[in-house]
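Shown next, in structure tokens, is the structure this report addresses.
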Amino acid sequence: MDPVIDCNFPGGNIIVERSEGDDIYIHQDLRDTEGDWFYWYFRVRGASGRTLRFHFTGSNVIGVRGPAVSLNRGRTWSWLGADAVIDASFKYTVPASAKEVRFSFGMPYVASDLKRFLRRHQEHPSLAFSSLCTTHKGREVEQLHVGNRQTPDHRVLITARHHCCEMMASYALEGLVAAALANTETGAWFQEHVACRIIPFADKDGVEDGDQGKNRKPRDHNRDYDGESVHASTRALREQAPRWSDGILKVALDLHCPWIRGRHNEVIYLVGSPSQSIWQQQCRLSNILETVQTGPIVFSAADNLPFGVDWNTEANFQAGKSFTGWARELPGIVLATSIEIPYANAGGREVNAKTARAFGRDLAEALRQYLETL
């Protein structure tokens, strides 16, 4: 009997072409995507004890540490490793006791993961929840309010998942939020001086539906910040953030993940702004982050991508204004930046849920020291 392969769960994405015994031919679902992209996430049932070989029939969409694997329905993940990969195929022996195994390009993070994280902090006096808006599919777009919501000295706007497949950014966001709520010197400083408004899933429908998100048709969420916004979340943020800023919105951060592999894609970096004043502030935050980091992922300010280099050019933004392009024009903004967090490999170090959270904690510490000296 052939194993049962499907993606009928939050975040799932796969198209099964055919099975030939233990060889399974698949490719990612590119619905609503202009061109190619690489996100996929599926489960296998009824294959206990068998060695399966999965063959991607289109582009090579397996990352540098192989696929991520979960034996507990997506609660925790580990990298299978590059040794299990040959070109665009990988093999896996399903444990005899496993009724189900899940595979993904990365380590998926969906709404249930956010709820699990927030339950651990739900009684914290410096954390509140509200709804930014409702998507056209009827889902709530969550927003978190972290820190001093009454009399802050600074406001900080943080977003993630404008491209819904970029899940490793969510683990870093968890680390940042946990640091801001912690019973530490840094946590206490955030809780006294800063109001953070955080949009964990800018593309909530895409996260839950398992879309690519990048180059979405008719408009990418991160190109939806000029003209008339197509998406409910970008439209609501453009309407609400200027009122919320109250003249003290200083920093806007947008967390992303880059391409699969190669130059600029296996290091953490800030995407350089065309504004020289913003670029100077990006360099300043980067130098602080480089100094204060303690986590296992090493960040180097030298890895930042200045405007005009590689893909970071005006031509890449012809389809519309990005979040940071919009945010840098808000009154009072000193720093607006995207941060790219690799899926699996950062400067030779493994990126996973734990190490990405540690980077988020380092980012919180750097942000504190940056804001203290404004």
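The values are calculated or read from the model by the stated rules, or taken from the named source; none is laboratory data. Since we're looking at a predicted model, the values are computed, not measured. Here the Cβ is made from the backbone with ideal geometry for all residues, glycine too, and neighbour counts use every protein chain on show.
Brief remarks on what is shown
- Residue in region 109-122 that is assigned by TED's automatic domain parsing to the domain that holds Phe190, more than 18 Å from Leu363 (Cβ to Cβ) and touching a His at 6+ places or on another chain (Cβ under 6 Å) present: no
- Enumeration of residues in region 1-59 that are on the phi < 0 side of the Ramachandran plot, surrounded by fewer than 17 Cβ atoms within 10 Å (Cβ to Cβ) and acidic (Asp, Glu): Asp2, Asp6, Glu17, Glu20, Asp22, Asp23, Glu34, Asp36
- Residues (hydrophobic (A, V, I, L, M, F, W, C), in contact with a helix residue (DSSP H, G or I) (Cβ under 7 Å, 6 or more places away or on another chain) and surrounded by 24 or more Cβ atoms within 10 Å (Cβ to Cβ)) located in region 169-193: Ala172, Leu173, Leu176, Ala180, Phe190
- Sub-7 Å Cβ pairs linking a first residue in region 24-44 that is under 20 Å from Arg223 (Cα atoms) to a second residue that is modelled with pLDDT of 95 or more and in a strand (DSSP E or B), at least 6 apart or interchain, are Asp32/Arg216; Thr33/Arg216; Tyr39/Asn13, ordered by first then second residue.
- All helices (runs of 4 or more DSSP H) inside region 274-374 with 3 or more residues being touching a Gly at 6+ places or on another chain (Cβ under 7 Å) and crowded, with 17+ Cβ neighbours inside 10 Å: 353-372
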